[in-house]
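The block underneath contains the structure these notes are about, expressed in structure tokens.
The values are calculated or read from the model by the stated rules, or taken from the named source; none is laboratory data. Quick caveat, the model's predicted, so the values are computed rather than measured. A quick note on method: Cβ atoms are made from the backbone with ideal geometry, for glycine too, and the neighbour counts reach across all protein chains shown.
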Amino acid sequence: MTNKDLAELLLPGVSSDIEYYEKKYPERNLKEGAVVTRFAPSPTGFVHMGSLFASFIEKKAANDSDGVFYLRIEDTDQKREVENGITGIINDLKNFDITIDEGMTSENTEIGNYGPYIQSQRKEIYQTYVKHLIEEGLAYPCFCSPEEIEETRQIQEKRKQRIGYYGRYAKCRRLTMEEIKEKVENGEPYIIRFKSPGSFDNKIKVNDLVKGEIEFPENDLDIVILKSDGLPTYHFAHAIDDHLMHTTHVIRGDEWISSLPIHVQLFKSLNFKAPKYAHLSPIMKEEDGKKRKLSKRKDPEAAVSFYHEKGIPVPAVKLYLMTIANTNFEQWYDCNKDKTIDDFKFDFKKVSNSGALFDVDKLYNISKNYISYLKATEVYDNALEWAKIYDKDFANILEQHKEYAIKLFNIEREQKKPRKDYSCYSMIKSQIWYMFDELYIDVKDYEFQTITDEEEISKILNLYVTKYYDENDDKDTWFNKMKELASELGYAKEVKDYKNNPEAYKGHVGDISMVLRVALTSKSMTPDLYELMLLLGKDRIFSRYNKFIKGN
RNA sequence: GGCCUGUUGGUGAAGUGGUUAAACACACAUGCCUUUCACGCAUGCAUACAUGGGUUCAAAUCCCGUACAGGUCACCA
């Protein structure tokens, strides 16, 4: 029996004509230096922050070079599949404004000429190459049961030897054609393994775009390439797909780095040109003083949907991702405020090769800055868009009071040093609720600061309401009246006066305005009081103040 | 256990043999400014780059060992 007969016995009905596919998926017609990248997730749930980070870089690298970025679904493990997994991935990408040039566009549609972009539909292709490999004598069937594999693993452990299917432990590699034939005819289940030509004693050097040159022992494991369900393993699918789809740069998490010897060997044996590799360190999280990988199960911030729910603007998240991807970005951006991420040239060499700790504070800071430079109408639009999904009541209120809300958002905005108080859209409501009757509640604890005496508060507010308030006052007039009010009650008109001579006064004008602020809003931290009063109007101001005025 | 990678402040990090013995940003602290907060400004925050040894006139930067951390050793990706 020849290898060809063996191939036919193992994969009957499958063609071994790899030329067909080589022709079907020709070299891409791209300009010199164009980078082709892919995001290749498994549909096992939602996108993880680390994956988003990788896809962001993949997209960026492709864009920078006028290349192609595509989405390939790796669903060769049907046990782990999740319903609507592809839709989840597509939505997460969409939410982050990461668009694809090719690949899956829904559970069962796709665009691009190098498909199918879902591995379960590429079975024929993989099997064709597997059959070809068998014919070449580079692959063979393995009849070992999981129990047998486990047994040899234990033997290897006992003998303190390397674990795996290699050398003398690769039993089925030595099976004769006759033995194979007999087993197949007996209906024994089998898988296909790659016949590794490598030796553990040989060293190979692989260049990684992020990690630099790494030296490994050559792979000598006869890895599984075709599983009993007829689908390929990751390693094999990676080699076939990235070759046929002409990926130039494989960017992925560094948990893959130890399989690199397998991959380069596979590419070589298949006569494929290997892509360039960039292995990204995982994003870490600190817990109990220890670093660990950000986990989708334990850390809410690991789920990409988290940012959507929080209402952190997508551009802000991208800005943050860019700063951890290339730390020189932050300084560049600082000097090029008018430019965008698209103008920045991503550099693989500048990617940190140790895992970065995910810094939520930093993200919020970036987000806060980003929001502070938006126009009031943009803040309104974005906040409304967020609220429509996550807080319908608030959305209604915003819609009913559009002009009012925009004026509110405009306070201390659109100036050289804009006010920075919103780091995400979900926190807006908790900062401005007192400006809307629908949300206003009479809280128990007012955050009065220096003046807390009820009599005094009553006196101050009463005087303000009866003598000083005039809805037609401009800011300077209002400001001066505050000083008059302070003076009339024995407080210093200027803070400086009080500081110079604290004995002479009960306090200063700042203490007075704090009373007015807190009685009106219940909070000690608010935007400019004059502006707030202007928006709130006389009726609301009086009714809120009257509650504090004794004898009313 | 084998193999691979990493280790600069609270965080992200700049720095790749020698001009000012560690840039910049976030966080934190204090002060100034301000009728609050935010903003802004100023100052402080690593006696030293995990550790031991070596190479060198000279090392955070090169080499070796150790420790610690992470990854990986599936018919999972």
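Elements of the type helices (runs of 4 or more DSSP H) sitting completely within region A:1-72 and holding at least 3 residues that are closer than 25 Å to A:D97 by Cα: these cover A:49-64.
If only residues of region A:216-255 that are touching a strand residue (DSSP E or B) at 6+ places or on another chain (Cβ under 7 Å) and of a type in the set (F, W, Y) are counted, the one that is farthest from RNA strand B (Cβ to nearest atom) is A:F236.
Considering (1) farther than 30 Å from A:D334 by Cβ; (2) at pLDDT 90 or above, the lone condition that A:T450 does not fulfil carries the number (2).
For every residue, the table says whether it meets (1) among the aliphatic types (A, V, I, L, M); (2) under 21 Å from A:G253 (Cα atoms); (3) out of contact with any Pro (no Cβ under 7 Å at 6 or more places or on another chain).
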residue	(1), (2), (3)
A:T327	no, yes, yes
A:A356	yes, yes, yes
A:D359	no, yes, yes
A:A395	yes, no, yes
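A:K429 meets all of the listed conditions (1) within 16 Å of RNA strand B (Cβ to nearest atom); (2) surrounded by 17 or more Cβ atoms within 10 Å (Cβ to Cβ) but one, namely (1).
Checking the condition within 28 Å of A:K420 (Cβ to Cβ) and surrounded by fewer than 18 Cβ atoms within 10 Å (Cβ to Cβ), which residue from A:K483, A:K444, A:K496, A:K467 passes?
Working: A:K483 fails: within 28 Å of A:K420 (Cβ to Cβ); A:K444 fails: within 28 Å of A:K420 (Cβ to Cβ); A:K467 fails: within 28 Å of A:K420 (Cβ to Cβ).
None of the other options fit; the residue is A:K496.
If you go through region A:51-72 and keep only what is farther than 16 Å from A:I283 by Cα and of a type in the set (A, V, I, L, M), you end up with A:A61, A:A62, A:V68, A:L71. The set of residues from region A:119-149 being under 18 Å from A:D17 (Cβ atoms), among the hydrophobic types (A, V, I, L, M, F, W, C) and surrounded by fewer than 20 Cβ atoms within 10 Å (Cβ to Cβ) comprises just one member, A:L138. Within region A:498-514, is even one residue touching a residue at least 24 places away in the same chain (Cβ under 8 Å), near RNA strand B (Cβ under 10 Å from one of its atoms), touching a Lys or Arg at 6+ places or on another chain (Cβ under 6 Å) and on the phi < 0 side of the Ramachandran plot? Within region A:498-514 (the criterion being touching a residue at least 24 places away in the same chain (Cβ under 8 Å), near RNA strand B (Cβ under 10 Å from one of its atoms), touching a Lys or Arg at 6+ places or on another chain (Cβ under 6 Å) and on the phi < 0 side of the Ramachandran plot), the answer is yes, since at least one residue qualifies. Scoring A:D75 on the criteria (1) within 13 Å of RNA strand B (Cβ to nearest atom); (2) of a type in the set (D, E); (3) under 26 Å from A:M284 (Cβ atoms) leaves a single failure, condition (3).
Filtering A:Y469, A:Y491 for residues that are within 16 Å of RNA strand B (Cβ to nearest atom), outside the structural domain of A:D381 (by TED's automatic domain parsing), over 15 Å from A:L529 (Cβ atoms) and more than 41 Å from the chain's Cα centre (by Cα) leaves a single hit, A:Y491. Residue by residue through region A:324-358, note down the ones that are within 6 Å of RNA strand B (Cβ to nearest atom), at pLDDT 80 or above and under 15 Å from the mean Cα position of the chain (by Cα). The answer is A:I324, and nothing else. Can A:I457 be described as within 13 Å of RNA strand B (Cβ to nearest atom) and either of a type outside the set (V, I, T) or within 13 Å of A:A519 (Cβ to Cβ) (or both)? When the stated conditions are applied, A:I457 does not pass them.
Residues checked against (1) at pLDDT below 95; (2) crowded, with 21+ Cβ neighbours inside 10 Å:
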site	(1), (2)
A:D241	no, yes
A:G253	yes, no
A:W256	yes, no
A:P275	no, yes
A:A278	yes, yes
A:V304	yes, yes
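Each residue in region A:195-206 was checked for being without any contact (Cβ under 8 Å) to a residue 40 or more places away in the chain and not basic (K, R), and 4 of them qualify.
Of the residues A:Y422, A:Y404, A:Y440, which single one is out of contact with any helix residue (DSSP H, G or I) (no Cβ under 6 Å at 6 or more places or on another chain) and closer than 30 Å to A:K388 by Cα?
Values: A:Y422 fails: out of contact with any helix residue (DSSP H, G or I) (no Cβ under 6 Å at 6 or more places or on another chain); A:Y440 fails: out of contact with any helix residue (DSSP H, G or I) (no Cβ under 6 Å at 6 or more places or on another chain).
A:Y404 is the lone residue from the list that is out of contact with any helix residue (DSSP H, G or I) (no Cβ under 6 Å at 6 or more places or on another chain) and closer than 30 Å to A:K388 by Cα.
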